[in-house]
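Participant: Before I ask anything, here is the structure I am working with.
Values in this text are rule-based calculations from the coordinates and carry no lab data. Please read these numbers as outputs of a predicted model, since none were measured by experiment. Positions of Cβ are generated from backbone atoms using ideal geometry, with glycine treated the same way; all protein chains shown enter the neighbour counts.
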Amino acid sequence: MTEQNDGQRFDRLPETPDERTVEGRASREEVVDYFADRFAIPPETFDDYTFWEKGAGKIWIYAGEAETPLEIEAIGMTCLRTRQEHWKPTTDFAQRFGREATECVIELDREQARAFATGEDQELEWWDGDWGYLIGAHRIAGELEPLGVGLYVHGELRSMVPKGRQREL
Amino acid sequence: MEPFERYRPIVDDFEAFLAACERPLGNAVRVNTIKASVERTLETLDEDGVAYEQADWNPRVLRLETDSPGSTWTSFHGFTHGQEEVSAVPPVVLDPQPGERVWDCCAAPGGKATQIAALMDDRGTVVANDNNLGRISALRFNAERLGATNLAVTVDDARNYSLKRFPFDEFDRTLVDAPCSCEGTIRKNPDALDNWSEGHISSIAGIQKGILRRAIQATREGGTVVYSTCTFAPEENEAVVQHALEAESCRVVDFDIGLEHSPGLTEWKDETFDESLERAIRIYPHQNDTGGFFVAKLEVTAE
């Protein structure tokens, strides 16, 4: 357990915490469990994907072929920030996989969705679910569609949509 | 437009060609089926009151009637990606299948690489390479926004690309959407011809030849290599493919695309090219009211 994370390369996550050789690295099991516990995303959703760390705590999800370790620019997409008290999914992950989520999904109306997409914080005191990171979603073309990740605390939903992804709609 | 005079002998209805080049291009988007079906995307556009026209040759290509295609819900959700209509042609010709290993060797900013990923249902491996680190960030941004999870992104010179880092040593298909003089983008970039010179064309043709040769070498026997540019200059198109035919094991093959086009050339100035180059296509702006493109489909053969 003395190895340190090498921020310059991709390392595949160990299957379980027992197989961990790099200090503080999340395991695949913990990542899949997190998505299941927090958002009720079925674990089998990720059967054909591998998870990787590059940059301390930055977890990537990948569907292609690769051997670990790997020194390239990117594989798949960043999906989760670990190595902090509350793990935080990315907006792009929420949009790609959030349709599988059934818990900690906050349904917004059109105006609230618009505010969320522009990166605004908003008072939403009616929410009686968990605090912390939620998936913001709205109904389009008859179905709920995830917008991204928000942080809910003290009656307020803070949009975590990154600057480059924010849009005036 | 002066440089285009050299194409008067090869373009049918040259005046219509010039007139089309003067007209600005509308907004086209590609439906990203990784995130939503064509049906769901069209329904979302309808709800938003954004008018569109579906391309006859490809139901995933839409011409939008809006000045800001980036400010729609379909764009925010990654259901659509702004991509010129003809720029969606090469991945369709490449015809990648789910589970395959595909190389897009000049991939930034990623419109075609993500289209390849979508055509593969986001299964298999797309190695998206570009030698320009600055443009890689745009590629990565687009890949994540569009939800492509089967992309591996590398920054290298495609001419001496190594597959050592991957657990396979050849690709099933390779797209060479080569850096070029971009004459065919004149409707989108009115200054596309500002630095035009025959010297520039000849130096960029040298790079294109090196990239196409490496692409053929890195693709398995029986595999497909598509060579495309957004320019009209035969020096960057037929002459590059001719060079590959002479130097590598490959042949030019036919394909259907459903867009009006002209055949590739078999002669230009004092050069002649293999007759099979007639199987390549030249798309001129006046034929389908688009930008200009050249596309050749090659099959890698036994040595």
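Participant: Cα extents of segment B:26-83 along the three principal axes, largest first, in whole Å?
Facilitator: So the three principal-axis extents are 24, 23, 19 Å.
Participant: Here is a further query. In segment A:72-113, which residues have a backbone nitrogen under 17 Å from the label point lying 7 Å from A:A56's Cα in the Cα-to-Cβ direction?
Facilitator: In segment A:72-113, the label zone of A:A56 (backbone N under 17 Å from the point 7 Å along Cα→Cβ) covers A:81-88.
Participant: Kindly express, to the nearest 10 degrees and within the range 0 to 90, the angle between helix A:28-39's C-alpha long axis and the longest C-alpha principal axis of chain A.
Facilitator: Roughly 10 degrees between the two axes.
Participant: Taking H as built 1.01 Å from N, whose amide H comes closer than 5 Å to the amide H of B:R60, not counting residues under 5 places away?
Facilitator: none
Participant: Could you check the simple spin-label distance between B:Q54 and A:E143, using points 7 Å along Cα→Cβ, in nm with one decimal?
Facilitator: 1.7
Participant: I'd like the FRET efficiency for A:H86 and B:R123, computed as 1/(1 + (r/R0)^6) with the beta carbon distance as r and R0 of 45 Å, rounded to 0.05. Let's see the in-between values first.
Facilitator: On the way: r = 32 Å, r/R0 = 0.72.
FRET efficiency, A:H86 to B:R123: 0.90.
Participant: Quick one: order A:T21, B:T266, B:T74 by neighbouring beta-carbon count within 10 Å, fewest to most.
Facilitator: Starting with the residue having the fewest Cβ neighbours, the order is A:T21, B:T266, B:T74.
Participant: Can you give me the orientation-averaged projected area of the convex hull built on the Cα atoms of chain B, in nm²?
Facilitator: Spelled out: convex hull of the Cα atoms, projected over all directions, averaged, 14.8 nm².
Participant: Would you please give the residues with an amide H less than 5 Å from that of A:I140, counting only those at least 5 places away or on a separate chain, with H modeled from the backbone geometry?
Facilitator: A:E145
Participant: Contour minus end-to-end for B:L133 and B:E221, with contour as 0.36 nm per residue of separation and end-to-end as the Cα-Cα distance?
Facilitator: Residue separation times 0.36 nm, minus the Cα-Cα distance, leaves 28.6 nm.
Participant: Counting each DSSP H run of 4 or more residues in chain B as -39500 (n - 2.57), what helix-only mean residue ellipticity at 222 nm follows after dividing by all residues, to the nearest 500 deg cm²/dmol?
Facilitator: That calculation yields -8000 deg cm²/dmol at 222 nm.
Participant: With labels modelled as points extended 7 Å from the Cα through the Cβ direction, what inter-label distance (nm, one decimal) is found for A:H154 paired with B:E260?
Facilitator: Rounded to a tenth, the inter-label distance reads 6.5 nm.
Participant: Shielding by partners for B:160-166, please: the mean number of other protein chain Cβ atoms within 10 Å of each residue's Cβ.
Facilitator: Neighbouring Cβ atoms belonging to other protein chains average 2 per residue here.
Participant: Given H placed 1.01 Å from N in the peptide plane, which residues other than close sequence neighbours of A:T118 have an amide H under 5 Å from its amide H?
Facilitator: Under 5 Å from the amide H of A:T118 lie the amide H atoms of A:R167, each far enough along the sequence or on another chain.
Participant: Find, among the GluC sites (Glu not before Pro) in segment A:10-71, those assigned to loop by DSSP (not H, G, I, E, B) with at most 13 other beta-carbon atoms within 10 angstrom.
Facilitator: Answer in residue order: A:E15, A:E23, A:E67, A:E71.
Participant: Kindly provide the Kirkwood hydrodynamic radius of the protein assembly as shown in Å, to one decimal, from all pairs of distinct alpha carbon atoms. Walk me through the numbers on the way to the answer.
Facilitator: On the way: mean 1/r = 0.0423 Å⁻¹.
In the protein assembly as shown this quantity evaluates to 23.6 Å.
Participant: Next up: Along the Cα-to-Cβ line of B:D274, 7 Å from the Cα, sits a label point; which residues in segment B:227-253 have backbone N less than 16 Å from it?
Facilitator: In segment B:227-253, the label zone of B:D274 (backbone N under 16 Å from the point 7 Å along Cα→Cβ) covers B:227-228, B:237-253.
Participant: Another question, if that's okay. Each residue of segment B:65-80 in order: what ³J(HN,Hα) in whole Hz does its phi give by Karplus 6.51 cos²θ - 1.76 cosθ + 1.60, θ = phi - 60°, with x for Gly and Pro?
Facilitator: 9, 8, 8, 10, x, x, 9, 10, 4, 5, 6, 4, 7, x, 6, 10
Participant: Which of the DSSP-defined H helices in chain B satisfy a minimum axial length of 24 Å, computed from C-alpha atoms, and a minimum mean Kyte-Doolittle hydropathy of 0.0?
Facilitator: Answer set is B:198-217.
Participant: Name all residues of segment A:77-111 having a backbone nitrogen under 19 Å from the label point set 7 Å from the Cα of A:D128 along its Cα→Cβ direction, giving them as ranges.
Facilitator: A:103-109
Participant: Does chain A come out rounded, prolate or oblate, given a ≥ b ≥ c as the square roots of the eigenvalues of its C-alpha gyration tensor, rounded meaning a/c under 1.5 and, failing that, prolate meaning a/b above b/c?
Facilitator: Prolate, since a/c reaches 1.5 and a/b exceeds b/c.
Participant: Most exposed first by the Cβ proxy, i.e. fewest other Cβ within 10 Å, how do B:D157, A:D11, B:D130, B:D169 rank?
Facilitator: Ordered by Cβ neighbours within 10 Å, fewest first: B:D169, B:D157, A:D11, B:D130.
Participant: So what is the diffusion coefficient of segment A:10-98 in µm² per second by Stokes-Einstein at 10 °C and 1.306 mPa s, using a Kirkwood Rh over Cα pairs?
Facilitator: 121
Participant: Right, here's the next one. Taking only Cα atoms of segment B:78-228, what ratio of Rg to Rh do you get with Rh as the Kirkwood inverse-distance radius?
Facilitator: Reported Rg/Rh (Cα atoms, Kirkwood Rh): 0.96.
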